[in-house]
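J.: Got a structure here, written out as structure tokens. Questions coming.
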Amino acid sequence: MKIEDTLRIGIDVGGTNTDAVVIDSNDNIIAKTKTPTTSDIQSGISTALGSVLSGLTESVDRITHVMLGTTHATNAILERRDLNKIISIRVAGPASHAIPPLFDWPDELRHEVLVGEVIVDGGSELNGQELAEFDREHLSRFLAQIDEEVDAVAITGVFSPVVPDHELAAKDVVNEVLGDLPVSLSHGIGALGLLERENACALNAALLSVAKRIVDGLTEALKSKGLSAQAYIAQNDGTLMGLDYALKYPVLTIGSGPSNSMRGAAFLTGVSDALVVDVGGTSTDIGVMHRGYPRESSSPVDIGGVRTNFRMPDLVSIALGGGSVVRYCGQEFQIGPESVGFRLTDEALVFGGSTSTLTDCAVAGGRADIGDPSHLEKTPQNLEDALVKSDRLLADAIDTVKVSRSEVPLVAVGGGSFLVPDRLPGVSSVLRPEHYEVANAIGAAIASVSGQVDRVYKLSDRSREEALQEASMAARGEAIAAGADPDSIEVVELEEVPMAYLTEPVVRVRAKCAGSLVAREAL
Amino acid sequence: MKAPPTELGPLELGDLSVGCTVLAGGGGGDPRVGLLMALHAVSKTGPVPLVQLEDIDPDGLVLPSGMIGAPTVMVEKIPNGAEGRVIRSALEARLGKPVVAMMCLEMGGINGVLPVAWAANAGLPIVDGDLMGRAFPEVQMCTPHLHGISAWPCAIADERLQVITYETRDNVWLERLVRNTVSTLGGCACAGLYPMTAIEAAGPTIRGTLTTAISVGEAIRTAPEDPFDSLGSVVPLACLLTGKVTAVERRTEGGFVRGSATIEGTGVDGGRSLTIEFQNENLVALEDGEALATVPDIITLLDSHTAHGIVTEHIRYGQRVVVGVFPAPEPWTSERGLAVVGPRVFGYEVDYQPVHASS
């Protein structure tokens, strides 16, 4: 089979709906579907796959890749469901005894997940020197006295992103004493910041069984539909990882939804630098797409009450949506924050209901053709005037998100996107792509593969350029390991932050590389 | 007016750490590690008494303390926890007197909270005051320096609990030696310096700063509406501009991170643009080349949503901020004070212009 005959499937398992799309090698969308999400992973994916394949005239043999974005891992943590019992080992003594492992975890989550925790001597200094000799004996003794069942182990060493050796040595001790248990090592998961990385690593260990269920469910679902495609899972930065990687690093799947949605929206319009506005029934999310990727938030992210140092898309949300309730008080329209939500088709005026909503205003103003406009004739005020206010709310929110002074395109997606006016200050054009309702699944289907590193470099023995180059090459290596085609890899993010209050120059460099999937040809 | 707190428990510590981001002027690092250390300590010992200098033995030692070096290293290499104890023992032995209260070296960033952990572990109270009234980068930028009080004997301890005690010619030499030691120790360490009797400390100590920082955090936490309104009701505040970070540039010079951030106005400030020059702390705010605010006034980029302060290491493209300025603690606005921490000390050819803040 030729490359141009290949097809890809993108699946997005959201809170309410599971969406699936089939895309050809020219990135045309040739089938799409929306089905209700089920609690059982495999049946939900099977149903969506069955539905999208039924609309397909092409042979399923042409499908070479399947990409899955899912909220299963997030929900497992939020609902404290199906989590592993773990031990958390910190290799950092004599440092770090001032704050015990997982100290800031909510009590019920700690109780649900944690069998034991320990700090043993070891780890590295910032410059790669040994902080202390790894205390193998201490760890051995600690593990030997564990008498509860343990499903997985998390190991976090001080400065392990600089030197991972003692995490690897600790893993050997775990396998010697407890046998062949799954072990999560922090240097593969998080960036600098011992406690946040330790938290992420422990969550990861707790999610390993959930990961296995997602991967097995996907694999079985593919098999049941006769698909022999390579499968990938979307991660928080909007890029993909192979199933092997997903089995090891499930925590990285958390938060992939908004990234996929933004990347899908940008893809549908063909622009790489744009504002993306997603208008739902109750609220509107506004994000910035920069060089094809969502701009990330700089504030730390809490997952189920646990602080991690993952980067998530930087979104501004306002209470404005198709179901927002509109009131006329004191010569002025008041919009939201209440919304009729999913009851729109019962309660909105244009559907014969008795609540004025923004959808009614949009119909009055000629922006939407929904329901029966004749219901609006009885209203005492001129509802379309409320759009002036909603446009201003949107414009203000856009202005706070937008970074460049020059005008940029805006992509409007979501069920309420008719509320976005054709002209907005600072916006060069408003793009309204077809297929916007399945943008998440499309984002998964078109995603690339990435690798990233967060390291510290002393500038006494290398130049700044060399440090940046080294970090970029390391990130490139990670991307290749994750399945990227070496010829397609680009540096998509390079950030250097000099470390304050030191006598010699030291920089912390974060580099991220991304490339397209290797082996787009048929299997 | 609400009575000031008399002890520091988990709630006060949370508020204190938020106050320490706001009043830091962008320096001193993220207080989080200090906060978690203090929370862990008080979870074992109970709350730490907050005392005024007049409430303690006038001849007893007060020990100003904190971390020294790179806060960005300490988020990875977290302290052992016993550093405060070994520092205290070393200085008690050297001075032949017991320490009767701990004090925060500065009231900004990690050091506004971390010494509370040591006070808890030692069973000592903490003094409602500090030696900077904000965050500053160097040892001599402490109020006792203006009073001719020496920072030594000073003790530095690392996580291995190695202790080094310094007797130096002057405070500037101490700064130089300590900075090099800290580098050898891996980028961060803990310090006790400017040990003073309560009577000696009465002159230089900037009073009431913990209470102020706690009230700042509390005002933000309990704000019914706009946190900036609540913030402005507890401390004098000038908001120079509301906008977003459109450029950040950093470089390392002479061991300190220098750089600048450009903030473009949004909403009512649309069309305006401010440049913030920083060297670990934010030092000058310029508009069209003219200084709107300078050090020692406290210039902090406040998150426009939460009103929490943003440390200079965390300034990032796209952040939405309010440029807030708080008047300098009074000792720094004197001629002697400006000679130590005024804009010219940091290399800016401008004179200190006190900001007009409303309260």
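J.: Just to be sure before I move on: is B:Val216 within 19 Å of B:Thr300 (Cβ to Cβ), within 9 Å of chain A (Cβ to nearest Cβ) and either in a strand (DSSP E or B) or in contact (Cβ under 8 Å) with a residue 60 or more places away in the chain (or both) in the structure I sent?
T.: Numbers: within 19 Å of B:Thr300 (Cβ to Cβ): yes; within 9 Å of chain A (Cβ to nearest Cβ): no; either in a strand (DSSP E or B) or in contact (Cβ under 8 Å) with a residue 60 or more places away in the chain (or both): yes.
Answer is no for this residue.
J.: When you check B:Gly96 against the structure, is it at positive phi and at pLDDT below 95, yes or no? Don't jump to the end; show me each part of the working.
T.: On the way: at positive phi: yes; at pLDDT below 95: no.
Taking the combined requirement at face value, the residue does not satisfy it.
J.: Separate question: So which residues in segment B:261-280 are in contact with a Phe, Trp or Tyr (Cβ under 8 Å, 6 or more places away or on another chain), within 13 Å of chain A (Cβ to nearest Cβ) and modelled with pLDDT of 95 or more, if there are any at all?
T.: Selection gives B:Ala261 alone.
J.: For segment A:85-102, what are the residues that are polar (S, T, N, Q) and on the phi < 0 side of the Ramachandran plot? Working first, answer last.
T.: Start the filter on segment A:85-102 by keeping residues that are polar (S, T, N, Q), which leaves A:88, A:96.
Answer for segment A:85-102, where residues must be polar (S, T, N, Q) and on the phi < 0 side of the Ramachandran plot: just A:Ser88.
J.: Tell me, which strands (runs of 3 or more DSSP E) lie completely within segment A:1-114 with 2 or more residues that are touching a residue at least 24 places away in the same chain (Cβ under 8 Å), within 30 Å of B:Glu76 (Cβ to Cβ) and more than 14 Å from chain B (Cβ to nearest Cβ)?
T.: Values: elements: A:7-13, A:17-24, A:29-36, A:63-70, A:86-93.
Counting at least 2 such residues, we get A:86-93.
J.: Okay, next question. So which of A:Val113, A:Val153, A:Val163 ends up being under 31 Å from the mean Cα position of the chain (by Cα), aliphatic (A, V, I, L, M) and farther than 19 Å from A:Val251 by Cα?
T.: Criteria check complete, one pass: A:Val163.
J.: Report yes if B:Val325 is away from chain A (no Cβ under 14 Å), modelled with pLDDT of 95 or more and part of a strand (DSSP E or B), otherwise no. Steps first, please.
T.: On the way: away from chain A (no Cβ under 14 Å): yes; modelled with pLDDT of 95 or more: yes; part of a strand (DSSP E or B): yes.
In short, yes.
J.: Next question, about the same structure. Could you list, in sequence order, all residues of segment B:151-204 that are assigned to a loop (DSSP other than H, G, I, E, B), surrounded by fewer than 24 Cβ atoms within 10 Å (Cβ to Cβ) and either more than 14 Å from every other protein chain (Cβ to nearest Cβ) or without any contact (Cβ under 8 Å) to a residue 40 or more places away in the chain (or both)?
T.: B:Trp152, B:Pro153, B:Gln162, B:Glu167, B:Thr168, B:Arg169, B:Asp170, B:Gly203, B:Pro204
Residues checked against (1) in a loop (DSSP other than H, G, I, E, B); (2) surrounded by fewer than 16 Cβ atoms within 10 Å (Cβ to Cβ); (3) modelled with pLDDT under 90; (4) away from every other protein chain (no Cβ under 14 Å):
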| residue | (1), (2), (3), (4) |
| --- | --- |
| A:Glu470 | no, no, no, yes |
| A:Met473 | no, yes, no, yes |
| A:Arg476 | no, no, no, yes |
| A:Val492 | no, no, yes, yes |
| A:Val497 | no, no, yes, no |
| A:Glu504 | yes, yes, yes, no |
| A:Val509 | no, no, yes, no |
| A:Cys513 | no, no, no, yes |
| A:Leu523 | yes, yes, yes, yes |
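J.: For segment B:226-235, state whether one or more residues are outside any strand (DSSP E or B), facing chain A (nearest Cβ under 9 Å), at negative phi and in contact with a Ser or Thr (Cβ under 7 Å, 6 or more places away or on another chain). It would help to see each step written out before you state the result.
T.: The initial filter retains those residues of segment B:226-235 that are outside any strand (DSSP E or B), namely B:226-235.
Adding the requirement that they be facing chain A (nearest Cβ under 9 Å) leaves none.
The answer is no, given that none of the residues of segment B:226-235 is outside any strand (DSSP E or B), facing chain A (nearest Cβ under 9 Å), at negative phi and in contact with a Ser or Thr (Cβ under 7 Å, 6 or more places away or on another chain).
J.: Mind telling me which of the residues B:Ala119, B:Ala38, B:Ala24, B:Ala93 ends up being more than 14 Å from chain A (Cβ to nearest Cβ) and either in contact (Cβ under 8 Å) with a residue 40 or more places away in the chain or over 13 Å from the mean Cα position of the chain (by Cα) (or both)? Steps first, answer last, please.
T.: Working: B:Ala119 fails: more than 14 Å from chain A (Cβ to nearest Cβ); B:Ala38 fails: more than 14 Å from chain A (Cβ to nearest Cβ); B:Ala24 fails: more than 14 Å from chain A (Cβ to nearest Cβ).
None of the other options fit; the residue is B:Ala93.
J.: Quick one: what pairs do we get from segment B:48-77, first residue within 14 Å of chain A (Cβ to nearest Cβ) and surrounded by fewer than 20 Cβ atoms within 10 Å (Cβ to Cβ), second assigned to a helix (DSSP H, G or I) and basic (Lys, Arg), C-beta under 9 Å, 6+ apart or different chains?
T.: none
J.: Also, I was wondering about something else. I'm told A:Leu252 meets every condition in (1) touching a strand residue (DSSP E or B) at 6+ places or on another chain (Cβ under 6 Å); (2) buried (at least 24 other Cβ atoms within 10 Å of the Cβ) except one. Can you identify the failing condition by its number?
T.: (1)
J.: Can I ask one more? Within the bounds of segment B:81-89, is there any residue that is touching a Lys or Arg at 6+ places or on another chain (Cβ under 9 Å), of a type outside the set (Val, Ile, Thr) and within 12 Å of chain A (Cβ to nearest Cβ)?
T.: Kept after step one, since they are touching a Lys or Arg at 6+ places or on another chain (Cβ under 9 Å), are these residues of segment B:81-89: none.
The answer is no; no qualifying residue exists.
J.: Read through the list (1) under 23 Å from A:Phe103 (Cα atoms); (2) crowded, with 18+ Cβ neighbours inside 10 Å, then give the number of the only condition that B:Leu91 fails.
T.: For B:Leu91, the failing item is (1).
J.: Is segment A:136-158 home to any residue that is in contact with a Lys or Arg (Cβ under 7 Å, 6 or more places away or on another chain), within 14 Å of A:Arg90 (Cβ to Cβ) and assigned to a loop (DSSP other than H, G, I, E, B)?
T.: Taking every residue of segment A:136-158 in turn, at least one turns out to be in contact with a Lys or Arg (Cβ under 7 Å, 6 or more places away or on another chain), within 14 Å of A:Arg90 (Cβ to Cβ) and assigned to a loop (DSSP other than H, G, I, E, B).
J.: Quick check, is B:Gly133 in contact with a Ser or Thr (Cβ under 6 Å, 6 or more places away or on another chain) and away from chain A (no Cβ under 14 Å)?
T.: Details: in contact with a Ser or Thr (Cβ under 6 Å, 6 or more places away or on another chain): yes; away from chain A (no Cβ under 14 Å): yes.
Yes.
J.: State whether one or more residues within segment A:298-315 are surrounded by 21 or more Cβ atoms within 10 Å (Cβ to Cβ), within 11 Å of chain B (Cβ to nearest Cβ) and at pLDDT below 80.
T.: Yes, some residue in segment A:298-315 is surrounded by 21 or more Cβ atoms within 10 Å (Cβ to Cβ), within 11 Å of chain B (Cβ to nearest Cβ) and at pLDDT below 80.
J.: Please give the strands (runs of 3 or more DSSP E) falling wholly within segment A:278-328 in which 3 or more residues are over 19 Å from A:Ala397 (Cβ atoms).
T.: Numbers: elements: A:284-290, A:301-303, A:306-308, A:315-318.
In segment A:278-328, A:301-303, A:306-308 are the strands (runs of 3 or more DSSP E) which contain 3 or more residues that are over 19 Å from A:Ala397 (Cβ atoms).
The values are calculated or read from the model by the stated rules, or taken from the named source; none is laboratory data. Given the structure is predicted, the values throughout are model-derived calculations rather than measurements. For neighbour counting, all protein chains shown are included, and Cβ atoms are generated from backbone atoms with ideal geometry for every residue, glycine included.
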